[in-house]
Each structure stands twice: as structure tokens, then as C-alpha cells.
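In what follows, a single structure is set out as C-alpha cells and then discussed.
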Amino acid sequence: MAEKVKLFVNGQEVEVEAGKNLIDAFGAVGIEIPHLCYHPALGADGNCRMCLVGIEDGRPPLVPACKTKVAEGMKVQLDAEKIKKIQRDIMELELINHPIDCPICDQAGECKLQDYYMRYDGKPSRMTVKPVLKAKKMDFGCDVVHDQERCVLCARCVRFTRLVTKTGELGIVNRTDYARVNIFPGRPLNNRYALNVVDLCPVGAMTSRDFRFKQRAWFLTKSPSICQGCSKGCNIFIDHNREKYKDDVIYRFRPRLNEKVNGYFMCDEGRMTYKQENDNRLIAPQVNGREAGFAEAIEAVRRAISGATKTAVLVSPNASLEQIFSIRQFAASINAALSGYSDGYIKAGDGDDFLIQDDKSANRAAFTLLNIDDSKAGFDAAINGADLLINFQNDLGRSLAEDQLASVLANAKLIAISSAATGCTAKSAVAVPVASYSEDSGSLINCDGRLQRYEIAVAKNQPLKSLIEVTNLIGGEIANNQEARAGLQAAVAVLKDIDLEQIPAEGIALTESEVAHVAA
Amino acid sequence: MSGKVKIMERKGKDLYERLYLVEIFKGMAVTFGHFISNFLDNSKLYVRHYPEQKPEITARWRGRHRLTTHEDGTMKCVACFMCQTNCPAKCIMIEAGERVDGRTEKMPVRFDIDLLECIYCGYCVEACPMDAIRMDTGIFAVTGSDRQSFVMGLDALLATPGAFSEEEYKKGGA
Ligand code: SF4
Ligand code: SF4
Ligand code: SF4
Ligand code: SF4
Ligand code: FES
């Protein structure tokens, strides 16, 4: 348990965590101190002065909350008239040249200036001279759009490129009215995490070209999930909305805080993987290249299985722990060889030492846990002499060249159970659509052995069956996640002491100590 | 047909009332009296001769919507979705895009109002920060032969002029 200190806020005694600054410590117990430039991942810069608070009998009597650590017995004033006046004055200063673009600003609804104006200011403008005009809609590269007029010069974006990506593309040039955030001439943002400045910017000065004008923030439902762009498993929010007469569609991914995995950030590539959830989906079941009913497709799969002499089963390294387990069970029940071959998901040398990993699959660690072979030799052995290949979600076209795939399919009939329309589903004798991860729930193990859970985020108008349900329909024993979890607990030693139904928000590290700790 | 026959008791205090017929003829005399006098001269009727005679509408009347324009003909709407957000009937459907007429940055590429769902409350007009949507067309009767014809699109909304002068409209409190 973290150490606590007792102090006074507006005369009332409050117990907060020791060692933190006032903003974080108070924020954790639900007391807000307005701030613009401070961000926990970027440290205190102390440039905006929005966070000034009074310290009774303190020397100095006014301190920036972002730079002040909590101390035993401290008497903090947040609602004194002089503090309120400072907050109003800072707001007025920020708004002197602000364009108040809210009607056309993508940040509206999640903008700190708007929020703080409503909460701490609420005064009409006293400006009688024309505001200073600055550049708008600037292309900063990496699909980041900058609006100098909306900027409050908090330098969060600048600090991000200096402290986190260490690329330093951004800077604040000039002073006073002339101060602007800018790139160096001809050197736009050029790093794989650039879009994080859009989330970091407390106002609408940094916006994403991809999301630009697509939705207003208040229409979006923000569902927690896990990114499946690589094996890091960054925690995300899936922001989605069902417009009138339309389907539930994802508009963006945003990073969600998990200190143990991704902190406050995620990579740009992962952010864009939301498109795969919307587009190029396998919607209608297919039998021999033509659209078919769902029952007909299932029947065709069952017939193919009973007619086959040797069957091989291929599983995707993106499948959840529960899915892989139920597929393993199913493969064993029909005496099929099981392979997780997916070399094409690994992009050697692509990873870095921050978040991005070489392995672009979300759950390869589960293969080790469940003893699933993902080698080429294993796949060749499994497919050798087989006349039926059942492919669960694995995009084989990524691992095999066109001619190799053709030679595999020359002998074996292909059944594709997939959420995406890929080259494989087009070549299959039977294709059965299933729900993708944004429409399903399950557990993943990331590259560091951390077990995490994602829940259903999107509900389509025509919901597809989950992979486990389809596996069950074609002969698998396991009918749902609960059964799979019970089975996993019984079968896998490492999971024995973990309650798979109750995985904490930060996930569980599958190491001896933490497992023991959770069980205790 | 062998329905249940129910015999009603005749009401009335004496024979004259129980007879009914006398009262019925007296009533018919009034009806026919009005019919004949109106038939010969209908100028004294107490009702409006709609649709030949249109009602007078004040500037505050909430009629069919329109989208307003600047002097140079560009639309005032900036696709902020305030009207759509405020609409209790959820009958405004906007899609926003990049502005192409040289003003600011954002404009609607689609702006549909489903008049069959609209309850003519005027909340959209109140919500608009740009005075871009008004209900001052003076159109109070919208007709159509199918559902789709009641969905007003961007062009139709922009094409209809206001029925009142700017001063009159502003007097209405706008
Ligand atoms: S940054 Fe905030 S206050 Fe400024 S225009 Fe955008 S939403 Fe409005
Ligand atoms: S662009 Fe945003 S994050 Fe960067 S200095 Fe301006 S307000 Fe701060
Ligand atoms: S008048 Fe009312 S119901 Fe009709 S579009 Fe406007 S806000 Fe919606
Ligand atoms: S009509 Fe007005 S409120 Fe509606 S989107 Fe356009 S500008 Fe916004
Ligand atoms: S948050 Fe403390 S000065 Fe900006």
C-alpha cells in the first residue's frame, strides 16, 4: 500500500498518497485543480500558471500545484477569492487571442479551455481590439493538423517530441503575441508516435487529419479495449457511434492509461488499425464461391470434416486465449493436426524499444502456454497428406507466397472461419464469418507475459457469431468463454490460481510472484 | 342472423317527448335553415376560405426550415451539429466535410431534415450559433406522395428564401 499523508484542503482534512504533486494526489481523491501544461507523462513545466494554489502560512504563499509535492499538515487553499481571481485572469489571458472556433473545432466537448471556462471563468470578453491572427490548418506531417490560433502554448507537444520520442520536431518560436508552435522549415513531424500530440494537446490546436470532422466528441461511445496491432497489447478506447439508420462504426482508437503496458500512449499504426474493424469484413457466409445461408455453410463444414481423411487446423496468433483453447479442443476431437504457423505476422527489425514490437500478432504468447507449434516445419507436417485445412482467422497469405499457398490448396480443401475478407477466404470452399475482437471478448497475453482482458465494444446491427460459437457449431465441445476459461484453469498450470473471470484493469503478469500475489 | 336482441327502454317524461319525431324535425329545420341561407350567400360564413384564402402568418411562426446564406451566397452553416444535438426528435442528419467555398474550414456535405419526424419545436433554430437555420419560410403545409419526399436535403433547404424581411424577423426576438 502506498504511503499516505494527511493535509488540509479548504480547511478540510484529506488523506492523499505521499510523494505525488498536488494535482495528481488531489486528482486521485476527486479534487480537481485546473491545469494546462502539466501532464503526468511529461512532468511539470510550470508555464501556464493555471494551477496556482494558496498555501496558508506558506512561504511563498502561492505555489504552482504541478511543481509542489504534498506534505504532512499542508494547508492548501483552492476556493479562496484570490485563487479564483487568478484562475479567471489566466483564463482571460488564454482567451485574449483565442478564435473560439468551437463550432468547427474537433476538440469541442473534450476541450480543457471550454471546460475551465465553464467551471472557473464564465465572464464575458473585455477585448475591444482585434485578435491577433495566426496560421490555421497547418500540415505538421504524420497526419497532424495544427492550428496556431487555438494553441495555449502549454508546450506539451514540444515536450513530447523531446522527452518521449526524442525526435524534437516541434518548438515554440518567438515570444508574447508572436509565440507559435511550429516545425522547423521542411522538417515535419516524423516519428511513429506523432498522433499522441493530438491526445496530449489540452485544446484543439493539434487535431488528427484522419478523424477530422468525422464525428463530434459527444456522440462517441468510449469503450475500453486492447489494441491488436502488435504483441504489446496497448490499452485503448474504441470510440464508436451508431448514427441514425446506420451501423455501429468505429471512428478512432485512443490510448488508455495502463502504467504496466503502454502508459499514456500508443503508436500511430496501431491507432489506424480501427479501419480493419470497419472495412473489408467477411459478412456473408460463402459455399463454393457463392453466398450462402449461415446454416448451409455450417452444414457444409460439418460434411467436409466427416468426409476428410486427414484434417489440418490452422489457428491465428491473434485469437484470444479462450478461442485458441476451444480450437485446440476441437482439433483434438477430430484428430486433426494443429498449427499456429504465422511467420508473416512477424516483421523482423520493425520494433523499437518503446512500444512497437516485431510481432504484429496480439497473442502469440498463448501458443507457448498451450503448446501450439507455430513453426513452418510443423505446418508442413500438419498439411502433408491432408485433404482438408480448417483455417481459424489466420491470414495465411501473409506467411506464404502466392505459389506456395496454391500448392498447399492444390491437395487440401480450405475452410476459412474469418472476420476479415482476405485472399484466403476468397480461395476457400466454405467461408464462415465471425465477430472480430471489437465485437467479442477474450483474454490476451502480451509480449511481456501480461494477461489482459478485452470486452465487447461494438454491437453491429447484424451481429456475427463469435468464433467460439462457430467452433461449437461445427463440432467443438466448448460453447462459450466461461467454459473455455474453466477448461483453461484446469488444463494450464500457470493459470490455475488466476480467476480468469476477474482480470484487473492493469492485467496480471504471468510470473510466479504476481500470480501468487493475486491468489493470496 | 340470430344476434342477441336488446330492447331499449324509451326515455322521456310524457308522450310528446317519447315520440322523438317532433324534436327531430325541429332540429332539421335549424340545419336546413343554415344550409339554405349559406347556399344563397356564403359571405357571412365564420370560417376561412382555405386554400383560396391563405392565413396570415407572423414572423415568429415556426414553418418549414431553411438554411441561410451570407451576402455572397455561401452558406452560413458550419456543420457544428448543435442543431442535430439539440433536436428532440433526432430528425436532423448531418455529415461534415472540408469547406470548399473559401470560408473557415468546415461545412456540411449532407444536411437532411426528416419533416415526418420533426415536431416543429424550433430547438434547432435556438441552438444554432451561426443563425444558419431558420423556420421563417412561411411554409406550414408540406405535402408529398412518398416518405422520401419529406426528407429535405441541403440544396432544397438552401433554395427556399425567407418569407419575411430581416427587420420583421429580428423583431420576433431572434
Ligand atoms: S480549442 Fe477549445 S475553446 Fe478553442 S475553439 Fe477548440 S473547442 Fe473551442
Ligand atoms: S499545440 Fe497544443 S500541446 Fe502544443 S503547445 Fe499548443 S496547446 Fe500545447
Ligand atoms: S424543429 Fe425541433 S424537431 Fe424539428 S428539426 Fe428543429 S429541433 Fe428537430
Ligand atoms: S445549422 Fe447551425 S447548428 Fe446546425 S450544423 Fe449548421 S451551423 Fe451548426
Ligand atoms: S499546470 Fe502548473 S503551471 Fe501549468
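The values are calculated or read from the model by the stated rules, or taken from the named source; none is laboratory data. For clarity, every value in this text was computed on a predicted model and none was experimentally measured. Counting neighbours? That spans all protein chains shown, and the Cβs are built from the backbone with ideal geometry, glycine included. All accessible areas refer to the heavy atoms of the entire protein, side chains included, with ligands and DNA or RNA removed. Shrake-Rupley method; radii C 1.70, N 1.55, O 1.52, S 1.80 Å.
Evaluate the relative contact order of segment A:38-133 (contact order divided by residue number), counting alpha-carbon pairs under 8 angstrom at least 6 apart; express in whole percent.
The normalised contact order for segment A:38-133 reaches 23 percent.
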Quiz item: In whole Hz, what ³J(HN,Hα) sequence does segment A:422-428 give by Karplus (6.51, -1.76, 1.60; θ = phi - 60°), x for Gly and Pro?
Solution: 10, x, 5, 5, 5, 8, 7
Self-check item: Estimated FRET transfer efficiency (A:LYS275, A:ALA490; beta-carbon r; R0 51 Å; 0.05)
Solution: 0.85
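Can you tell me the order of A:311-318, A:409-416, B:40-47 when each peptide is scored by its average per-residue count of other Cβ atoms within 10 angstrom, highest first?
Values: A:311-318: 25.8, A:409-416: 19.1, B:40-47: 7.1.
Highest mean packing first, the order is A:311-318, A:409-416, B:40-47.
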Self-check item: Delta accessible area of at least 30 Å² on complex formation, residues of segment A:101-124, 1.4 Å probe, chain isolated as reference
Solution: A:PRO103, A:ILE104
Practice problem: List the lysines whose Cα lies under 22 Å from the Cα of A:LYS123, skipping any in the same chain that are fewer than 8 positions away. | Solution: A:LYS82, A:LYS84, A:LYS85, A:LYS112
Quiz item: So how strong a dipole does segment B:66-171 carry about its Cα centre when Lys and Arg Cβ are +1 and Asp and Glu Cβ are -1, to the nearest 20 debye?
Solution: 180
Self-check item: segment A:87-208, accessible surface, carbon-and-sulfur percent (1.4 angstrom probe)
Solution: 56
Quiz item: Among B:ALA141, B:ALA96, B:ALA79, which one moves the most in a GNM of chain B with springs linking Cα atoms closer than 10 Å?
Solution: B:ALA141
Self-check item: Per-residue average of Cβ from other chains inside 10 Å of B:128-136
Solution: 1
Quiz item: In straight Cα distance, which aspartates and glutamates are under 15 Å from B:LYS13, not counting same-chain residues fewer than 8 positions off?
Solution: B:GLU23
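Round to the nearest 0.05 the FRET efficiency obtained for A:ASP115 and A:ARG209 when R0 = 25 Å and r is the Cβ-Cβ distance. Mind showing how you got there, number by number?
On the way: r = 25 Å, r/R0 = 0.99.
Calculated value: 0.50.
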Quiz prompt | Using θ = phi - 60° and Karplus 6.51 cos²θ - 1.76 cosθ + 1.60, couplings along segment B:37-52 (whole Hz; Gly, Pro as x) | solution = 5, 5, 5, 7, 8, 9, 6, 8, 4, 8, 10, 7, 7, 6, x, 4
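Quickly estimate the mean residue ellipticity at 222 nm for chain A, helices only: each DSSP H run with n ≥ 4 gives -39500 (n - 2.57), and the total goes over all residues, rounded to 500. Don't jump to the answer; show the numbers that get you there.
Values: 16 runs with 127 residues, N = 520.
Estimated from H runs of four or more residues: -6500 deg cm²/dmol.
Add -39500 (n - 2.57) for each DSSP H run of 4 or more in chain B, then divide by its residues: what number comes out at 222 nm, to the nearest 500 deg cm²/dmol? It would help to have the intermediate numbers written out before the result.
Values: 6 runs with 47 residues, N = 174.
After summing the helix terms and dividing by residue count, I get -7000 deg cm²/dmol.
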Quiz item: Of all accessible surface on segment B:68-168 at a 1.4 Å probe, what whole percent is carbon and sulfur?
Solution: 52
Quiz item: Using a 1.4 Å probe, what is the accessible area per residue for chain A, in Å²?
Solution: 44
Quiz prompt | Size of electric dipole in segment A:218-278: Cβ of Lys, Arg +1 and of Asp, Glu -1, about Cα centre, debye, nearest 20 | solution = 120
Quiz item: If r is the Cβ-Cβ distance from B:ARG103 to A:LEU163 and R0 is 35 Å, what FRET efficiency results, to the nearest 0.05?
Solution: 0.35
Quiz item: Say each of B:THR143 and B:LYS13 gets a label point 7 Å from the Cα, pointing the same way as Cα to Cβ; how far apart are those two points in nm?
Solution: 5.3
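With charges set only on the Cβ (+1 for Lys and Arg, -1 for Asp and Glu), what does the dipole of the protein assembly as shown come to about its Cα centre, in debye to the nearest 20?
Numbers: 87 positive and 91 negative charges, 349 e Å.
It comes to approximately 1680 debye.
What relative contact order, as a whole-number percentage, does chain A give when Cα pairs under 8 Å and 6 or more residues apart are counted? Before the final figure, lay out the partial values.
Details: 1026 pairs, mean separation 54.6, N = 520.
11 percent.
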Quiz item: Where is the GNM fluctuation largest for chain B (alpha-carbon springs, 10 angstrom cutoff): B:LYS13, B:LYS90, B:LYS106?
Solution: B:LYS13
Practice problem: Compute the length gained on full extension between B:VAL5 and B:GLU168: take 0.36 nm times their separation in residues and subtract their Cα-Cα distance, giving the result in nm to one decimal. | Solution: 52.0 nm
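Over the whole of A:88-95, what's the average partner chain Cβ count within 10 Å per residue? Rounded to a whole number, please. Display every interim value, and only then the final one.
Values: counts 0, 0, 0, 0, 0, 0, 0, 0.
Mean shielding count: 0.
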Self-check item: Percent of beta bridges antiparallel (DSSP, the protein assembly as shown, rounded to nearest 5)
Solution: 75
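List the relative contact order of chain B as a percent without decimals, with contacts defined as Cα pairs under 8 Å and 6+ residues apart.
On the way: 213 pairs, mean separation 40.8, N = 174.
After rounding, I find 23 percent.
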Exercise. Using the charge dipole of the protein assembly as shown (Lys, Arg: +1 at Cβ; Asp, Glu: -1 at Cβ; taken about the Cα centre), state which of A:LEU170, A:ILE90, A:GLY307 has its Cα farthest towards the positive end.
Key: A:ILE90
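What average number of partner chain Cβ atoms lie no more than 10 Å from the Cβ of the residues making up A:213-225? Don't skip to the end; give the middle numbers.
Values: counts 12, 3, 2, 8, 0, 2, 3, 0, 0, 0, 0, 0, 0.
Average neighbour count from other chains, rounded to a whole number: 2.
How much accessible area is lost when chains B and A come together, counting both sides, with a 1.4 Å probe, in Å² rounded to the nearest 100?
Buried: approximately 1500 Å² between A and B.
Show me the ranking of peptides A:365-378, A:430-443, A:463-476 by mean Cβ neighbours inside 10 Å, starting with the highest. Walk me through the numbers on the way to the answer.
Details: A:365-378: 17.0, A:430-443: 23.8, A:463-476: 20.7.
Taking the mean over residues of other Cβ atoms within 10 Å, the ranking is A:430-443, A:463-476, A:365-378.
How big is D for the protein assembly as shown, in µm² s⁻¹ as a whole number, if Stokes-Einstein is applied with the Kirkwood radius of its Cα pairs at 10 °C and 1.306 mPa s?
Rounded, D is 51 µm²/s.
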